[in-house]
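Enquirer: Following this message is one structure expressed as structure tokens.
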Amino acid sequence: MLVNCVAYEKGRRLCDLQLSEVRGWLDQHSGGFVWVALLDPNEEEIAHAQLQFNLPDEAIEEARSVSQRPIIAEYDDDILFAVLKLLDYKNGELKVGELDVFVGPRF
């Protein structure tokens, strides 16, 4: 589910975008960056994100699986992929979650 997709420039929020508009926005604007937040994305959203940000297949495969440990991986196109473990303690129960993050020059 798409939670947030926003373009920023010079520290200011410029506009909301659809995931399918990201590549066009990045190509038309020389500055700024795009922030996208997906929650439990489905295969279509993952494919859209891969296309819009030119994400490597290996990184996408890693993001599709639940990682056993936190990782940081660097890819040739100046892209970092990180898996972070999240801990939540509520009502005497410890829950472990995962946050996958892609970082590139303009996203």
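The values are calculated or read from the model by the stated rules, or taken from the named source; none is laboratory data. Note that the structure is a prediction, hence the values are computed from the model and not measured. Here the Cβ is made from the backbone with ideal geometry for all residues, glycine too, and neighbour counts use every protein chain on show.
So that you can scan it fast, the table gives a plain yes or no per residue for (1) of a type in the set (D, E); (2) in contact with a strand residue (DSSP E or B) (Cβ under 6 Å, 6 or more places away or on another chain); (3) under 16 Å from N4 (Cβ atoms); (4) touching a residue at least 60 places away in the same chain (Cβ under 8 Å):
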position	(1), (2), (3), (4)
E44	yes, no, no, no
H48	no, no, yes, no
I71	no, yes, no, no
E74	yes, yes, no, no
D77	yes, no, no, no
K95	no, yes, no, no
F102	no, yes, yes, no
F107	no, yes, yes, yes
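Enquirer: Show the residue pairs meeting these rules: Cβ distance below 6 Å; 6+ apart or different chains; first residue within region 2-24 and modelled with pLDDT of 95 or more; second residue loosely packed, with under 15 Cβ neighbours inside 10 Å and acidic (D, E).
Expert: Qualifying pairs under 6 Å: V6/D16.
Enquirer: Can Q50 be described as among the polar types (S, T, N, Q), under 14 Å from the mean Cα position of the chain (by Cα) and at pLDDT 90 or above? Break it down into steps so the answer makes sense when it comes.
Expert: Details: among the polar types (S, T, N, Q): yes; under 14 Å from the mean Cα position of the chain (by Cα): yes; at pLDDT 90 or above: yes.
So Q50 passes the test.
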